1. What number of residues within the range A:208-250 satisfy the criterion of being without any contact (Cβ under 8 Å) to a residue 12 or more places away in the chain and among the aromatic types (F, W, Y)?
2. Considering only residues that are of a type in the set (F, W, Y), touching a helix residue (DSSP H, G or I) at 6+ places or on another chain (Cβ under 9 Å) and in contact (Cβ under 8 Å) with a residue 40 or more places away in the chain, which ones fall in the range A:259-302?
3. Search the range B:56-83 for residues being within 18 Å of the chain's Cα centre (by Cα) and of a type in the set (D, E), and hand back the single one that is surrounded by the fewest Cβ atoms within 10 Å (Cβ to Cβ).
4. Kindly evaluate A:S598 against the criterion of being under 30 Å from A:G213 (Cα atoms), assigned to a helix (DSSP H, G or I) and among the small types (G, A, S).
5. Taking the condition of being closer than 17 Å to A:S68 by Cβ and basic (K, R), how many residues in the range A:15-29 meet it?
6. State whether the residues of the range A:546-564 include one that is closer than 21 Å to A:K277 by Cβ, without any contact (Cβ under 8 Å) to a residue 60 or more places away in the chain and in the same structural domain as A:L267 (by TED's automatic domain parsing).
7. Within the range A:436-458, can you find the residues that are in a helix (DSSP H, G or I) and crowded, with 20+ Cβ neighbours inside 10 Å?
Amino acid sequence: MTFRQFAFNNVLRNKRLYIAYFFSSMFTVMVFFTFAIFAFHPAFSDGAINQNVLFGMAVAGGIIYVFSFFFVLYSMSSFLQSRKKEFGLLMMFGASNRQIRMMVFLENILIGFFATIGGILIGLVFAKGILLVAENVLIISESLDFYFPLLAIAVTFISFIVLFFCISVFVSFILRTKKLIDLIKGDKKSKGEPKASVILSILATILIIAGYGTALYVKGMQVVFAMVPVIVVVTLGTYLIFTQLSVYIIRRLKSNKSFFWMKTNMLLLSDLSFRMKDNARTFFMVAIISTVAFTAIGALYGFQSYLTKGIKESEPYTYQYIPWLNDSEEVMKEDVSKINSILQEENVEAKMEAMELNYFETSTSEELIVRASDYNRFVAFTKDRELHPGENEAIVVQPVEDALSGVSRSGEFLMESSFNLENGTEIQPSYIVESSVLASNGYYVVNDKTYEQLGSPVRNDWSVVWKAKEGQTDQQLIEAGRKLTEQVEHKAYSVDYQLFEINKAFGPILFIGLFIGIVFFVSAGSFLYFRLFTDLDEEKRKFRSIAKIGLTQSELNKVVNQQIAILFFSPIVVALIHGSVALTALSHMFNYDLTIESAFVLGSFALIQIIYFLIVRFFYVKQVKRMVF
Amino acid sequence: MLKLTKVSKVYEGKVAFRALTDIDLEIEKGEFVTIMGPSGSGKTTLLNIISTNDAPTTGKVEIEGENPHKLKKNDLAKFRRNELGFIFQDFNLMHTLTVEENIVLPLTLDGARVKEMKEKAHTIAESLGILSIMNNRTYEISGGQAQRVAIARAMIHDPKLLLADEPTGNLDSKASKDVMKMLVSINEKEKTSLLMVTHDPQAASYSDRVVFIRDGKLHSEIHRGESRQAFFQKIIDMLSLMGGDGNDFSSIRV
């Protein structure tokens, strides 16, 4: 038996030990490969998709690759942790440090090679599925047919062989061998509870509260400036929560004898504190990764819903026509009749309203003043309320504020100025309302009678709007919109067509975002799985020895359940809270209610986690029971 | 208090293996019995059956007139916890717990009151001389101490029957002697019945009666007379008669 044979046989004949590490490596390869299949699809390379999206995909690929590196590194080191005793034994027989490093290196190369091949093969099986999903999420005209992804295979294979090689070198170098006795007693000795300091625990709470407070307090564009400091503060706070506060709480619980010595609490808590150093790190990592996943997906989903629903709300009319400033009345009439004929061509039934917009001189500048009856004619198309200003009263109407369109509050400015009637009466505006009736920066609405006394306008403009009747398909509206946009360029707008265009541009971003989010979330799940199964043998031995002195099945179930539940839910609950705060801040930024979207995204993640918990618990309990009873 | 009638154990497999054949054994209340025999004679199988960790293929086990093998799994766990005490060769202590916590574990699982547990642990630790290490972790104590902790854990709920599987197997002769003396004093003071499986004639000589088994069958038994020294010699003789060489067991050791 040469040393190489020894290293290889060590892996091949000890599959069970290596299988978890192998699977997680394979999973990583698979994720990268599926993404590569998508990214290298021939439909993209012929220039049908714009350059920015391709760049975005390259960046996403990079992120997945870097993430894979850390993920494999983490799996690797947790795997090596569980083999301390084995290394101790080898060293006792006289294996040199160099030989052990060599062994780890060879093992890794072997596992990495097969994981890469396995990941690519499994990825191929799922290739059609991912392309179908992509096709539906992305609104692209070409269909993404299945193809044999030679390029993707080559890229994945080379990238991961390089990655595994680097990690093997890296790991075999950081495998610092401590005293032999530490290795041999490795599994018995606690790595020590992290020290819990009261001050740091309080600091953790303060940091989190401060972070949350700031995130919830800021509005509009402030959110952007507050974002980085809040993220830093909350991340730090999260770290302290898991390394300090949780330890502090467990210590308090442990020192409370009547709680700690009650039934199975002793088994549960002593175990938690025993592993707290490892657990705290895992918890922190899982919490942060999940937060990123939740927030990214929530934000993208919310953003899309904001773009679509928000535009639909701020654009109450199906079609809108606004002529150029110096267009003559003839040009305008021509345009309007052209629009009407296009609508007829496409069988779109729509009601039309037109309004002459007159600008008058005010105390500060020229402003649009609208007759109440005109305003109310338009209001009939929207969900806004009618306005009935009294005689000699003016109401300021300003557009609904949001961060995206960058409209500042023009209402205040209008409130400060005033205008005169012909008879010299000065009219001060009485109050501001927000509405999206006219696509204008802000204007006054006055009583019809008052309007007659305004004198001659400085300049005038027109606005013509159409509202499609209910029950027409989006396709019709979009097609008509497309023609309008093309033929009456820059003057006619169609909401539905605009949305279609947005969805088309947004699709790839959403897809990539979802993809990365899900990758993060799933890896967070496998971190937990690792944490759990690294200690499985230890747990089995523990439960078996307790069972010998008498432990009922229900007690075993209870302890194991609580243990897994804490492991699975404490980081996720933290992540869910982080995520909901982040999404609330986001909704403040856009001034758009994201409650439903956030609840949907966070709820589905919570649900997935619960299902994952149930599955893992089932297998874990089965494993432990088989060993114990 | 413990009665075995015609207990047999067959391990199923490609080749069925008969580990125990028609064992009849009775232990009185307060008696200290040792089971001895060469490797593979079925000692540990027998102990596993008595300790309810394993079920006999045929035959009956009665502990104070009750057959524990008829109990449901959960009741069986409770039975073990309340009626039996265990001492293992490898101590079987939880290394995530301190010594004191290890001792009170059976009571804790039963939901006893903290004050009561503390008192009991204190009393028993004092009598076993491990008070000074109560707050240590299990990897910080020596083997002899660990076995004493295990004894304390086994005794804390005053079991009817104490089962010991090679309790001195991992200990040096000094620690073995201490542990055996403690078992004897527990046996005498608390009137706890004691059943021990061992290879060590030295340890066996502390008991009232030694039962020898060989190839899964009862071979013979000898009772202790007045002198432990003479009893020890008889055990050695019996062991050499059963197959080993007399020289294997040096009588000079005592």
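1. Number of matching residues: 2.
2. Selection gives A:F283, A:F284, A:F294, A:Y301.
3. Step by step, filter the range B:56-83, then rank; the result is B:E64.
4. Values: under 30 Å from A:G213 (Cα atoms): yes; assigned to a helix (DSSP H, G or I): yes; among the small types (G, A, S): yes.
Yes: the conditions hold for A:S598.
5. Count: 0.
6. yes
7. Answer for the range A:436-458, where residues must be in a helix (DSSP H, G or I) and crowded, with 20+ Cβ neighbours inside 10 Å: A:T450, A:Y451.
Let's see how each residue does on (1) assigned to a helix (DSSP H, G or I); (2) in contact (Cβ under 8 Å) with a residue 24 or more places away in the chain:
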site: B:R81; (1), (2): yes, yes
site: B:G85; (1), (2): no, yes
site: B:H95; (1), (2): no, yes
site: B:E100; (1), (2): yes, yes
site: B:A112; (1), (2): no, no
site: B:H122; (1), (2): yes, no
site: B:E126; (1), (2): yes, no
site: B:N135; (1), (2): no, yes
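The values are calculated or read from the model by the stated rules, or taken from the named source; none is laboratory data. Since we're looking at a predicted model, the values are computed, not measured. When we count neighbours, we look across all protein chains shown, and the Cβ atoms used for this are built from the backbone with ideal geometry, even at glycine.
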